[in-house]
Protein chains: 2
Amino acid sequence: MKKINISDKFSQFKEVWTPKVIAESNGQLVKIAKGSGELVSHKHDNEDELFIVFKGQLTLQLRSENIVLKPGEMYVVPRGVEHCPKAEPDTHFMMIEPSSTAHTGEHHTEVTVSSEQQEWI
Amino acid sequence: MKKINISDKFSQFKEVWTPKVIAESNGQLVKIAKGSGELVSHKHDNEDELFIVFKGQLTLQLRSENIVLKPGEMYVVPRGVEHCPKAEPDTHFMMIEPSSTAHTGEHHTEVTVSSEQQEWI
């Protein structure tokens, strides 16, 4: 493989809440996404989900508290924990999660991007 | 867990080639390390190793080529691939790898930090 420049990858798409896969490692996918506004509350019963923010502000709204992530900050949402991501306009973030992870967990909505639809860039 | 500020974590230690664990997700550990000079050539037979550089320059010297990573760049060294990391002074980088991953693979040298010795910060 070639090395990956993360900001180059962010420059290749504009859609929000549409994860793009940029690498695979040990059965986990490295995905990047842009966010703006609110996604939908969901959980992943069998997968922890690692978030790293590169630009903007991503709030992971949990039932117990809000985790507000700015650039250079990260958080792991443990499996089974309900979270509703909310982002300031033009927020850029990375997720690392098993390839089995469903985008919006058990909630299939019109904004859901199935794993099969998640494009490699 | 609390959110993690990655640069705050880097400010908590000075040693080079001494991975510190900052998070766990799906059986993989998120580690950060500082590098300067050369480590030792090694491979991990069963683990892919994801590198992300935050500061400085990290060169992954493979047998086939040198992968030169600057801030915002990443690379996955596939399992079984020999690599010798080399870094400019005060290079900061992250590794994500299974908890089973041995620091310098099959090469146990005086610079090796065993998994048990890799401190959580």
Response to the item:
A:K55 passes all but one of the listed conditions (1) over 18 Å from B:A23 (Cα atoms); (2) at pLDDT 95 or above; (3) out of contact with any strand residue (DSSP E or B) (no Cβ under 9 Å at 6 or more places or on another chain); the exception is number (3)
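Restricting to the stretch A:3-35, count the residues that are at positive phi and either touching a residue at least 40 places away in the same chain (Cβ under 8 Å) or among the small types (G, A, S) (or both).
Of the residues in the stretch A:3-35, the ones at positive phi are A:17, A:26-27.
When the remaining residues are screened for being either touching a residue at least 40 places away in the same chain (Cβ under 8 Å) or among the small types (G, A, S) (or both), the result is A:17, A:27.
So the answer is 2.
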Worksheet item: What residue, among those in the stretch B:66-100 that are among the acidic types (D, E) and at the interface with chain A (Cβ under 10 Å from one of its Cβ atoms), is farthest from B:A23 (Cα to Cα)?
Response: B:E73
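Let's see how each residue does on (1) of a type in the set (D, E); (2) modelled with pLDDT under 95; (3) more than 18 Å from B:A87 (Cα to Cα); (4) surrounded by fewer than 20 Cβ atoms within 10 Å (Cβ to Cβ):
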residue: B:M1; (1), (2), (3), (4): no, yes, yes, yes
residue: B:E15; (1), (2), (3), (4): yes, no, no, yes
residue: B:L29; (1), (2), (3), (4): no, no, yes, no
residue: B:S36; (1), (2), (3), (4): no, no, no, yes
residue: B:V68; (1), (2), (3), (4): no, no, no, yes
residue: B:E73; (1), (2), (3), (4): yes, no, no, no
Fill in: the stretch B:101-120: number of residues that are within 14 Å of chain A (Cβ to nearest Cβ) and surrounded by 13 or more Cβ atoms within 10 Å (Cβ to Cβ)
1
Worksheet item: What number of residues within the stretch B:39-54 are within 14 Å of the chain's Cα centre (by Cα) and within 11 Å of chain A (Cβ to nearest Cβ)?
Response: 9
Worksheet item: Within the stretch B:87-121, restricting attention to residues that are over 14 Å from the mean Cα position of the chain (by Cα) and free of Cβ contacts under 8 Å to residues at least 40 places away in the same chain, which residue is farthest from B:E47 (Cα to Cα)?
Response: B:E110
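The values are calculated or read from the model by the stated rules, or taken from the named source; none is laboratory data. Just so it is clear, the model here is predicted, and its values are computed rather than measured. A quick note on method: Cβ atoms are made from the backbone with ideal geometry, for glycine too, and the neighbour counts reach across all protein chains shown.
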